[in-house]
Amino acid sequence: MMEKGNALIVLSPQPDDAPEFIARAKAVINGMVRRYEPPALILVKINNWFDVKWLRFSGKMLGAVPFHKYQLTLPPFVPNRVVLQRRFVAPLFQETDPGPSVHKKISSSNALTRWMADVPGAPAIAWYSGKSEDTGHGAVMVYAPVLGRYVAWYAAWAREAAWQVKQARNIRRQELDELIWGSFTQPLAMET
């Protein structure tokens, strides 16, 4: 088991990133890695803020109707929205070759069957938003293998006097705080 205090993933702000948001994203992602202990992590930066509608989003049916499936699919971010993709491998979560892009230009019908469970190596994937300096908003979305299935959650922050959590879906705010501060006092909340 990894030590709870170790920072594993280095996440440095780029010119379009608010350093305060990146610090929160880094803390949450490192907390997730320490808590869930996935075999690998794929970290994806999306070019702009993204809403909670991307959580468990599979694609659109008939070109217009948003569709969410029970079996978790990769969110269909188009490749030109991906700023970077990095890969880290357990147990020390050293950075390695990022591998092929998890986001591909494909039809909506094909996006509906890009199962998370089919991603080689059963990694956790964490997406975080870019342009937080300009927009004053930031988001982190995580799909992580836990106890033989994937949990999926989303958290969004907004800059006011300080960066504050504005939305959390499928994760309690207490759990977010535990991921950031490293004190895991409650059992893992599983999706049903």
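Computed from the coordinates by the stated procedures, all read-outs in this text should not be read as laboratory data. Predicted, not measured: the structure shown is a model, and the values here were computed from it. Quick reminder, even Gly has a Cβ in these numbers, built from the backbone with ideal geometry, and neighbours come from all protein chains shown.
Counting beta carbons within 10 Å around each of 87, 172 and listing the fewest first gives the order 172, 87.
For the residue pairs 104/166; 131/166; 53/104; 26/104, the C-alpha atoms sit more than 21 angstrom apart in 104/166; 26/104. Note on 177, 118: ascending count of other Cβ atoms within 10 Å places them as 118, 177, the fewest first. Put +1 on the Cβ of every Lys and Arg and -1 on every Asp and Glu Cβ in segment 19-181; which of 121, 99, 79 then has its Cα farthest towards the positive end of the dipole? My answer, from the dipole projection, is 79.
Eigen-decomposition of the gyration tensor built on the alpha-carbon atoms of segment 19-181 gives equivalent ellipsoid semi-axes of 23, 20, 15 angstrom, largest listed first.
Comparing Cα centroids, segment 31-59 and segment 76-99 end up 11 angstrom apart. Sorted ascending by nearby beta carbons within 10 Å, beginning with the fewest, 181, 163, 157, 54 become 181, 54, 163, 157.
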